[in-house]
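Asker: Below are the structure tokens for one structure; questions will follow.
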Amino acid sequence: MVKNDNLIPIENKKPVEIVQELKSDYEIPSFEEFMKTYEGDDKIINSYEDELKAKAIQGPQYGPGKSDFRGICRKIKDEIGLTISCRISCDSDYFYESHTYCGVIVYLVKGSPTWKVEAGRACDRNGRAFYVIVRDTTDWD
């Protein structure tokens with residue numbers, strides 16, 4: 001008998017997903033009908049509540065940053081007295097082409113463009129505006 005290592009066992013096959021057009025008699029339910037069968041997800045509800053609390057404490061935001069970003073940059077430049085530049089943290093993860101990453105740009109901590117890191121890998125280090133840290137998220141769940 002010939003041994004073939006290139007065969008994929010049936011249990012390892014990816015599931016098939018059927019996609020098809022909706023029939024013309026399908027109707028979108030009204031809001032009231034939808035809410036009768038709606039089941040909320042606690043994670044999503046909590047994330048909305050956290051977002052609302054953050055808006056109440058920090059003020060309105062849009063996208064990834066503050067709506068008055070130009071004013072924040074002026075404040076930082078006035079307080080630090082330097083040309084605005086970025087610094088990539090030495091605590092960032094190494095880059096591997098096949099991995100996935102996320103990054104954060106920190107420009108103010110508690111309203112200040114300079115700070116002392118209070119916890120984590122960079123504890124007791126000084127930080128300043130436009131500090132960039134990149135993390136490998138490949139194994140994050």
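Computed from the coordinates by the stated procedures, all read-outs in this text should not be read as laboratory data. None of these values were measured; they are calculated from a predicted model. Cβ coordinates were reconstructed from backbone atoms using ideal geometry, including for glycine residues, and neighbour counts include every protein chain displayed.
Asker: What distance in nm lies between label points placed 7 Å from Cα along the C-beta direction at Asp93 and Glu39?
Answerer: 3.3 nm
Asker: At what distance in nm do the modelled label points of Ser30 and Ser112 sit from each other, each positioned 7 Å from its Cα along Cα→Cβ?
Answerer: 5.8 nm
Asker: Given H placed 1.01 Å from N in the peptide plane, which residues other than close sequence neighbours of Ser89 have an amide H under 5 Å from its amide H?
Answerer: So Ser89 has HN proximity to Val132, Ile133, Val134.
Asker: Sorting check: for 94-104, 70-80, 16-26, 129-139, which peptide has the highest mean count of neighbouring beta carbons within 10 Å, and how do the rest follow?
Answerer: Ranked from most to least packed, the peptides come out as 129-139, 70-80, 94-104, 16-26.
Asker: Which pairs, out of Lys43/Lys116; Lys75/Lys110; Lys53/Lys75; Lys55/Lys116, put more than 21 Å between their alpha-carbon atoms?
Answerer: Table pairs above 21 Å Cα-Cα are Lys43/Lys116; Lys53/Lys75; Lys55/Lys116.
Asker: Provide Trp140, Trp115 in ascending order of the number of other Cβ atoms located within 10 Å of each residue's Cβ, fewest first.
Answerer: Least crowded to most crowded, the residues run Trp140, Trp115.
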